[in-house]
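Q: Shown below is the structure under consideration.
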Amino acid sequence: MDSIIVTGNGPLNGTIPIAGAKNACLTLMPATLLSDEPLTLTNAPRLSDIKTMSELLRSLGAEVTSMQDGQVLAMSSHTIATTKADYEIVRKMRASNLVLGPLLAREHEAVVSLPGGCAIGARPMDIHITALEALGAEIELKDGYLHAKAPGGLKGATHELRFASVGATENVVMAATLAKGTTVLKNAAREPEIVDLVHCLRKMGAQIEGEGTSTITIQGVDRLHGATHPVVTDRIELGTYMLAPAICGGEVELLGGRIDLLEAFCEKLDAAGISVEETEKGLKVARKNGRVKAVDVVTEPFPGFPTDLQAQMMALMCTAEGTAVLEEKIFENRFMHAPELMRMGASIEVQGGTATVHGVERLKGAPVMATDLRASISLILAGLAAEGETIVNRVYHLDRGYERVEEKLGALGAKIERVKS
């Protein structure tokens with residue numbers, strides 16, 4: 001497996017172009033199954049997860065063509081060859097479950113393997129199942145597969161999610177676009193990726209209102225048509241690279257960055273002593289004065305502090321002045337990066353869903369092991385500010401969520417290289 005070698009090399013300066021959002025693109029791609037006309041996505045990120053979703057869609061009969069160095073995806077689901085999403089593909093990535101709603105809506109049946117992904121805790125499918133059952137689906141779990149059918153098609157209904165699940169919201173919204181009648185989804189997730197999905201579906205002819213709020217109303221239509229849609233900026237990549245000058249010093253401009261995508265995160269950076277300024281091209285980030293101050297963080301659904309930035313924020317807090325308490329309320333088992341940061345000299349205590357970080361003057365390079373996607377980048381960020389060399393092993397997760405990390409950080413002056421296994 002590949003490793004990333006990082007050597008602390010002082011302040012970072014320059015610009016980083018922020019890619020289209022992985023989580024948005026992985027949601028938009030299954031929308032092609034809702035129509036027999038072409039769907040084209042621009043500003044697509046160049047990631048292994050996108051390739052996995054392309055593979056899954058092709059296995060169902062869709063045509064998927066990657067153009068312009070992978071930043072344009074041309075898709076067509078003129079014919080659905082099969083409604084079975086096989087385990088060998090689905091196991092690689094949790095977002096694979098997002099074909100369930102579209103297949104049920106268009107073909108009235110689907111057989112979808114239970115999904116895989118990063119080992120960051122249970123992310124149950126029961127929220128998806130209950131919501132789709134409210135629309136008239138009949139779903140049974142057999143041999144690791146969800147066997148779903150909707151004889152006569154899905155029917156609009158009012159349903160409240162027991163938790164504001166992003167994936168369940170996305171699955172239900174897509175399914176409801178072709179359901180008979182009106183669907184009212186309450187306690188819906190409000191993430192920008194869902195807003196982006198609705199904007200795309202609306203271009204395809206869907207009738208949806210309320211995106212970005214906790215109640216989304218979908219009036220079913222007979223069919224959807226083709227469209228072209230740009231993928232929204234990746235707020236997690238944006239937040240990650242905003243932390244690079246915060247940890248190392250220097251000044252970095254993030255091209256395409258928007259504060260509205262990360263307001264809660266930006267508020268924490270401000271409290272920690274990090275300046276975030278809007279520019280004509282995006283956001284400019286730099287430390288205000290001296291050492292970063294410790295701030296407490298609680299992860300919450302949007303518009304709260306993103307769980308996908310918790311590991312990176314912990315890396316920042318490792319050398320902050322004072323003590324920070326990070327509380328993880330979205331996923332259990334998401335502090336696996338803490339012991340690896342401690343190998344670099346960090347002072348961290350973990351109890352259940354809470355991590356207490358006592359800031360130290362300086363981290364020291366060490367061999368560490370990445371346990372999941374966000375842990376991978378947090379260890380790289382820590383290594384950028386550490387004394388000496390840090391070797392981050394098992395970085396195969398990294399390519400699922402960050403495109404060309406070495407190239408982007410290297411352009412800022414970071415000393416970073418990938419070593420092939």
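Q: What ranking of Val368, Val298 emerges when the number of other C-beta atoms within 10 Å of each C-beta is taken as an exposure proxy, fewest first? Mind showing how you got there, number by number?
A: Working: Val368 27, Val298 16.
The most exposed by this proxy come first: Val298, Val368.
Q: Report, in listed order, any pair from Lys155/Lys186; Lys51/Lys92; Lys203/Lys281; Lys364/Lys420 with a Cα-Cα distance greater than 20 Å.
A: Working: Lys155/Lys186 16 Å; Lys51/Lys92 11 Å; Lys203/Lys281 26 Å; Lys364/Lys420 24 Å.
Going by Cα-Cα distance, Lys203/Lys281; Lys364/Lys420 fall outside the 20 Å limit.
Q: Which whole number in µm²/s is D for segment 248-322 by Stokes-Einstein, with the Kirkwood Rh taken over Cα pairs at 37 °C and 0.692 mPa s? Don't skip to the end; give the middle numbers.
A: Working: Rh = 12.8 Å.
In µm²/s, the coefficient is 256.
Q: Considering the options Ile216, His108, Ala311, tell which one lies farthest towards the positive end of the dipole of the chain, charges being +1 on Lys and Arg and -1 on Asp and Glu at the Cβ, about the Cα centre.
A: Ala311
Q: On to the next question. For segment 159-315, rounded, prolate or oblate, judged on the Cα gyration tensor with a ≥ b ≥ c (square roots of eigenvalues), a/c < 1.5 rounded, else prolate if a/b > b/c? Walk me through the numbers on the way to the answer.
A: Values: a/c = 3.65, a/b = 2.07, b/c = 1.76.
Prolate, since a/c reaches 1.5 and a/b exceeds b/c.
Q: Can you work out ³J(HN,Hα) from phi for every residue in segment 293-300, in order, using Karplus 6.51 cos²θ - 1.76 cosθ + 1.60 and θ = phi - 60°, giving whole Hz and x for Gly and Pro?
A: Taking θ as phi minus 60°, the curve returns 9, 5, 9, 7, 9, 10, 6, 8 Hz for segment 293-300.
Q: Work out the charge dipole of the chain with +1 on the Cβ of Lys and Arg and -1 on the Cβ of Asp and Glu about the Cα centre, then indicate which of Ser165, Ala264, Leu412 is farthest towards its positive end.
A: Working it through, the farthest residue towards the positive pole turns out to be Leu412.
Q: From the phi of every residue in segment 230-245, what ³J(HN,Hα) in whole Hz does the Karplus formula 6.51 cos²θ - 1.76 cosθ + 1.60 yield, where θ is phi - 60° and glycine or proline is x?
A: x, 6, 5, 4, 6, 5, 6, 5, 4, x, 4, 6, 5, 7, 4, x
Q: Under unit Cβ charges (Lys, Arg +1; Asp, Glu -1), what dipole magnitude, rounded to 20 debye, does segment 22-230 have relative to its Cα centre?
A: Rounded to the nearest 20 debye, it is 160 debye.
Q: Let me ask something else about it. Write down the Kirkwood hydrodynamic radius of segment 308-380, to one decimal in angstroms, obtained as one divided by the mean of 1/r over all alpha carbon pairs. Spell out each step's value before the answer.
A: On the way: mean 1/r = 0.0836 Å⁻¹.
Radius from the Kirkwood sum: 12.0 Å.
Q: Add -39500 (n - 2.57) for each DSSP H run of 4 or more in the chain, then divide by its residues: what number comes out at 222 nm, to the nearest 500 deg cm²/dmol? Present the calculation step by step, with values, prior to reporting the outcome.
A: Working: 14 runs with 124 residues, N = 421.
That calculation yields -8500 deg cm²/dmol at 222 nm.
Q: How do Tyr87, Tyr396 rank when sorted from fewest to most other Cβ atoms within 10 Å of their own Cβ?
A: Tyr396, Tyr87
Q: Where Lys and Arg each count +1 and Asp and Glu each count -1, what net charge lies around Glu109 among other residues with Cβ under 13 Å from its Cβ? Before the final figure, lay out each step's value.
A: Details: positive: Lys84, Arg106, Lys149; negative: Glu107, Glu138, Glu140.
Taking every Cβ under 13 Å from that of Glu109, the sum is 0.
Q: Once amide H atoms are placed 1.01 Å from N in the peptide plane, what residues at a sequence separation of 5 or more from Gly282, or on another chain, have their amide H within under 5 Å of its amide H?
A: Close amide H contacts, sequence-distant or interchain: Gly256.
Q: If you don't mind, another one. For segment 22-230, how big is Rg over Rh, using alpha carbon atoms and the Kirkwood form of Rh?
A: Here Rg/Rh amounts to 0.92.
Q: Arranged by the count of other C-beta atoms within 10 angstrom, fewest first, what order do Phe335, Phe163, Phe302 take?
A: Ranking Phe335, Phe163, Phe302 by Cβ neighbours within 10 Å, fewest first, gives Phe163, Phe302, Phe335.
Q: List every residue whose amide H lies under 5 Å from the amide H of Glu389, counting only residues 5 or more places away in sequence or on a different chain, with H placed 1.01 Å from N in the peptide plane.
A: Amide H neighbours of Glu389, under 5 Å, 5+ apart: Gly365.
Q: Read phi for every residue in segment 172-183 and hand back ³J(HN,Hα) as whole Hz from Karplus 6.51 cos²θ - 1.76 cosθ + 1.60, θ = phi - 60°, with x for Gly and Pro.
A: After applying 6.51 cos²θ - 1.76 cosθ + 1.60, I find 5, 4, 5, 4, 6, 4, 10, 6, 7, x, 9, 10 Hz.
Q: First select every other residue whose beta carbon is under 12 angstrom from the beta carbon of Ala81; then total the charges, Lys and Arg +1, Asp and Glu -1.
A: Details: positive: Arg58, Lys84; negative: Glu63, Glu107.
After counting each charged neighbour, the total is 0.
Q: Something else about it: Quick one: which residues, 5+ away or cross-chain, put their amide H under 5 Å from the amide H of Leu146? H built at 1.01 Å from N.
A: Correct list: Val112, Ser113, Leu114.
Bear in mind that the values in this text are calculations on the coordinates, not laboratory data. Note that the structure is predicted; figures quoted are calculated from it, not measured. Please note: Cβ atoms are built from the backbone with ideal geometry, for glycine as well, and neighbour counts cover all protein chains shown.
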